[in-house]
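The values are calculated or read from the model by the stated rules, or taken from the named source; none is laboratory data. Every value quoted in this text rests on a predicted model; they were computed, and no experiment measured them. No Cβ is skipped: glycine too gets one built from the backbone with ideal geometry, and neighbour counts run over all protein chains shown. With ligands, DNA and RNA removed, areas are computed over all heavy atoms of the protein, side chains included. Shrake-Rupley method; radii C 1.70, N 1.55, O 1.52, S 1.80 Å.
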Amino acid sequence: MKKLTNNRVAMFCLWTLGILYALAILADVISPYAYQDEDRNYSYCPPTAIEWIDHGRLVHPFVYGRTLTFDATHRRVYRKNRQQIYPLRFLEKGRLFTVDAPGRLYIWGADARGRDLFSRIWYGARISLSIGIVGVLISFVLGLLIGGIAGYYGGWIDGVLMRLCEMFMMVPGFYLMLALRSAVPENFNSVQVYASVVIILALIGWASLARIIRGMTLSLRERDFVLAAKTLGVPDLVIIIRHILPQTISFSLATLMLTISSYILAEAGLSVVGLGIQDPIPSWGNLLSDAMGIVPVIFAPWILLPGLFIFIAVVCFNVVGDALRDALDPLVKD
């Protein structure tokens, strides 16, 4: 812990991840609108400026109404309507802040259907960040158990389990995801799609961990404390879970943190191509699907914001994973 806390970059990233997860959990409170709330009259509306001064006086924060016009190239142009003033409402209707209809508050702009991007990013964080955690926990348990059993017993059990691992590892991960996702029925609801994406990610991630744990178990099974447990008649599964696998925890924790970032990217990749979480349920991946064309990006660059949050989360998980690996490795000196 001392090594980890002395790493300022890692602690900054850890705090950043904590803030992201806290905001995702509190999405219902901090978001001005529900994720499906839309007004197509405000398609690709730019970020709304919050005003504090009216006629030279400091007043309660408010936003102006917007009037939609088109320029000579038929580009949408939103102009302030200073005759329409909508005060910010705080702690009303279970939300931290919002404005009364027909006013609209777009802190980070709107998407193609006039939905608040700020709200959808934090609702989408629930999906993207939780899929990484849940998926990696499933693959973590599978990898530890299968690798531990293969290394402990050896022989034909080891051979069968390692050939199974190699079957999963020989196919490139993204293509394996596409193949597995294509087997999922199209009529699944959002919960079923979420569960299927988690299972797919877990299936592609356990094999590499299992092979490494198997190698560590091959050496650990010859240690004196394992031989003593066998002599006392402790069951094999108990020896694997209670005596051998805890010895691999330093490597496993670092691998777990580094794998979460790859799962976040995998979910984003599936969702961008339309095979992951489906609209209107938001995830950072399907929010980026609006940015697949150059024209929307040029005229509404704020739709790239979900990609920024994916980048931040992935970098933070990688930095924390590297710091954990260094902190838990006894060969690394201070």
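Remind me, relative contact order of region 49-126 in percent, using alpha carbon pairs under 8 angstrom and six or more residues apart?
Working: 102 pairs, mean separation 14.7, N = 78.
Dividing the mean separation by the residue count of region 49-126 yields 19 percent.
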Candidate aspartates and glutamates for bridging to Lys230, where Cα separation is under 14 Å - those fewer than 8 sequence places away on the same chain excluded: Glu222
The chain - accessible surface per residue (Å², probe 1.4 Å): 52 Å²
Extreme residue, positive dipole direction of the chain, given options Gly56, Leu328, Phe251 (C-beta unit charges): Gly56
Crossing angle, helix 305-328 versus the chain [Cα axis fit, 0-90 degrees, rounded to tens]: 30 degrees
Listed residue (Pro296, Leu209, Gly274) projecting farthest to the positive dipole end of the chain, Cβ model: Pro296
Rounded to the nearest 20 debye, dipole of the chain from Cβ charges on Lys, Arg, Asp, Glu: 420 debye
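With runs of 4+ DSSP H residues as the only contributors, calculate the mean residue ellipticity of the chain at 222 nm using -39,500 (n - 2.57) per run, divided by the residue total and rounded to the nearest 500. Don't jump to the answer; show the numbers that get you there.
Values: 12 runs with 186 residues, N = 334.
After summing the helix terms and dividing by residue count, I get -18500 deg cm²/dmol.
Classify the chain from the C-alpha gyration tensor, please: rounded if a/c falls under 1.5, else prolate or oblate depending on whether a/b exceeds b/c. Don't skip to the end; give the middle numbers.
Working: a/c = 3.16, a/b = 2.16, b/c = 1.46.
In terms of gyration-tensor shape, prolate.
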Accessible carbon and sulfur surface of the chain relative to its total accessible area, %, 1.4 Å: 66 percent
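Under unit Cβ charges (Lys, Arg +1; Asp, Glu -1), what dipole magnitude, rounded to 20 debye, does region 111-198 have relative to its Cα centre? Mind dumping the intermediate values first?
Values: 6 positive and 5 negative charges, 54 e Å.
Using only the charged Cβ atoms, the result is roughly 260 debye.
Classify region 1-102: rounded, prolate or oblate, from the alpha-carbon gyration tensor (a ≥ b ≥ c, eigenvalue square roots; a/c under 1.5 rounded; otherwise prolate if a/b is larger than b/c)? Before the final figure, lay out each step's value.
Values: a/c = 2.25, a/b = 1.95, b/c = 1.16.
In terms of gyration-tensor shape, prolate.
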Positive-end extreme of charge dipole, region 65-218 - chosen from Tyr78, Met169, Leu142 (charges on Cβ): Tyr78
Longest DSSP-loop-exposure-free segment, trypsin sites (Lys or Arg not before Pro), the chain, at most 14 other Cβ within 10 Å: 94-222
Global geometry of region 119-175, whether rounded, prolate or oblate, following the gyration tensor of its Cα atoms and the 1.5 cut on a/c: oblate
Between 0 and 90°, nearest 10: helix 8-25 axis offset from the chain longest Cα axis: 60 degrees
Pairwise centroid distance, computed over Cα atoms, of region 31-106 with region 174-226, Å: 45 Å
The chain: angle of helix 249-272 to the longest principal axis, Cα-based, in degrees nearest 10: 40 degrees
